[in-house]
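Novice: Dumping the structure here so I can ask a few things about it.
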Amino acid sequence: MKYMIGASVAALLSMGSIAHAEDVTITIWSLDDENQPAMNLAQEFSDMDNGITVDYRMIQFDDVVTESMRAFATGQAPDIIAVDNPEHALFAARGAFLDVTDMVAASDEVVAENYFPGPLNSVTWDERLYGVPKATNTIALYYNVDLFKAAGLDPDTPPATWDDLVAAARALNDPDNSVYGIAFSAKASEEGTFQFLPWAQMSGGGYDHINTEGAVHALETWKTLLDDGLASPDTLTRGQWDSTGTFNSGNAAMVISGPWELNRMVDEAQFEWRVALLPVPEEGAARASAMGDFNWAIFANTDHPQEAFQALEYFASQDDRLFPEFGQLPARSDIELPPTGVAPKDAALQVFLEQLQYAQARGPHPEWPKISKAIQDAIQLALTGQMTSVDALNQAQASIDAILAE
């Protein structure tokens, strides 16, 4: 699974000086700061003798969609942008992103087959490619080995099914010592959708079929965890960061979270911990998981499409640096992550890499924020007892059907 950087990269780095009689400047917008890959890679590319200078601008997460769409409409868009993967289709479907299918097909550096299916699907619209995955992440089940042993559970056989998960949470729940069986996020935000959608997908549903029998079972399982006090009441209001903090402090025996927490786990957790694949509805059921992080895209009205894609090729050629230098997982299955020397972290990484094989994009759909809001509302209505799980998901499905029919 190793990715070898060969002579094609050297050719890539020199082609600009041959192809351009005078320098051109391309602009890149991204959330990344000096500790993250985009800013560093953009500077490296700009420093090369290839006739291309990069003007890099760091933007805020909440401004990505509104500001960049406004810039596109007024002809002021950057050449390249890094966009959250569920928002990619919003731009692609409106003609804002450049179709790079043919460029990718001719490229030695951006090879579609090397990407995990989920990230590649997130840059795809109407069977064409409108970007390149930048990085990726997913979620799995962290668990406290010490508490497993204290409760008489075998840490070598973590919960494999939803019933196993509930049973383990019951055995691990210890109110007298302020320990909940499990922590997760059911917050009324994208984080809640991010955590719930894989449960629906594993049980035969999806964003466009959110009221299947399996999805109802999934929401009922979440409700059991809350109603029976196996998860904290603030599961409804806190995000994944705070949920993981509860686990790290020893106040939850399990938590559903992602690889972005690994360094924090190593620094904070004062107990032995491991990571397992997300439990499935029943033995033999299909696996699924959430998929996060950002994609690269070129705006359709760029004056420098070839130079912009050349930058993306350079970024892709450096994907093997994403984890060792920046702690981010590459969106590709052909890159072998180097050992960190921290045994629990290295073991966990292998689980996350396996989980990524089953990670699915949210959508893709240009009206994803509206679809996600319908799912968030259903989660909240069911878990707070305002509606049954069936009624809440039926209501969400009606809203989603109307969105899909637009």
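The values are calculated or read from the model by the stated rules, or taken from the named source; none is laboratory data. Worth saying up front: this structure is predicted, and the values here are computed from it rather than measured. Heads up, the Cβs are rebuilt from the backbone with ideal geometry, glycines too, and the neighbour counts pull from every protein chain shown. The protein model used for the area step is the full one, side chains on, heavy atoms only, and it has no ligands, DNA or RNA in it. Shrake-Rupley method; radii C 1.70, N 1.55, O 1.52, S 1.80 Å.
Novice: With the requirement that a residue be part of a loop (DSSP other than H, G, I, E, B) and surrounded by 23 or more Cβ atoms within 10 Å (Cβ to Cβ), what does region 194-205 give you?
Specialist: SER203, GLY205
Novice: Continuing with this model, one more query. Take the residues in region 103-116 that are among the hydrophobic types (A, V, I, L, M, F, W, C), open to solvent by less than 40 Å² (accessible area, probe 1.4 Å) and not in a helix (DSSP H, G or I), then tell me which one is farthest from ASP319 (Cα to Cα).
Specialist: Per the criteria, the residue is PHE116.
Novice: While we're on this one: Quick one: VAL390 ticks every box in (1) open to solvent by 50 Å² or more (accessible area, probe 1.4 Å); (2) free of Cβ contacts under 8 Å to residues at least 40 places away in the same chain except a single one, so which number is it?
Specialist: (2) is the only condition that VAL390 fails.
Novice: Inspect region 233-247 for any residue being part of a loop (DSSP other than H, G, I, E, B) and farther than 25 Å from SER389 by Cβ and give the result as yes or no.
Specialist: Of all residues in region 233-247, those part of a loop (DSSP other than H, G, I, E, B) come to 237-239.
Still in the running and farther than 25 Å from SER389 by Cβ: none.
Checking region 233-247: not a single residue is part of a loop (DSSP other than H, G, I, E, B) and farther than 25 Å from SER389 by Cβ.
Novice: State all residues of region 175-193 that are under 17 Å from ALA378 (Cα atoms) and surrounded by fewer than 24 Cβ atoms within 10 Å (Cβ to Cβ); if no residue qualifies, say none. It would help to see each step written out before you state the result.
Specialist: Here is the first cut: in region 175-193, the residues under 17 Å from ALA378 (Cα atoms) are 184-193.
LYS187, ALA188, SER189, GLU190, GLU191, listed by residue number.
Novice: Here's something else I'd like to know. If we scan region 338-354, do we find a residue that is at pLDDT 95 or above, buried (at least 22 other Cβ atoms within 10 Å of the Cβ) and not assigned by TED's automatic domain parsing to the domain that holds ILE80?
Specialist: Checking region 338-354: at least one residue is at pLDDT 95 or above, buried (at least 22 other Cβ atoms within 10 Å of the Cβ) and not assigned by TED's automatic domain parsing to the domain that holds ILE80.
Novice: I'd like to check something: does region 343-364 contain any residue that is among the aromatic types (Phe, Trp, Tyr) and either closer than 30 Å to ALA93 by Cα or outside any helix (DSSP H, G or I) (or both)?
Specialist: Taking region 343-364 first, the residues among the aromatic types (Phe, Trp, Tyr) are 352, 358.
Checking which are either closer than 30 Å to ALA93 by Cα or outside any helix (DSSP H, G or I) (or both) leaves us with 358.
Yes, because at least one residue in region 343-364 is among the aromatic types (Phe, Trp, Tyr) and either closer than 30 Å to ALA93 by Cα or outside any helix (DSSP H, G or I) (or both).
Novice: Okay, moving on. Out of ASP55, ASP63, ASP49, ASP102, which single residue is in the same structural domain as SER317 (by TED's automatic domain parsing), touching a Gly at 6+ places or on another chain (Cβ under 9 Å), farther than 30 Å from LEU337 by Cβ and charged (D, E, K, R)?
Specialist: ASP49
Novice: Next up: Mind listing whichever residues of region 1-35 are open to solvent by 60 Å² or more (accessible area, probe 1.4 Å) and at pLDDT 50 or above?
Specialist: GLU22, ASP23, THR25, GLU34, ASN35
Novice: Out of all the residues in region 117-144, which are among the charged types (D, E, K, R) and surrounded by 22 or more Cβ atoms within 10 Å (Cβ to Cβ)? Can you show your working first?
Specialist: Restricting attention to region 117-144, the residues satisfying the condition of being among the charged types (D, E, K, R) are 126-128, 134.
Of everything in region 117-144, just one residue is among the charged types (D, E, K, R) and surrounded by 22 or more Cβ atoms within 10 Å (Cβ to Cβ), namely LYS134.
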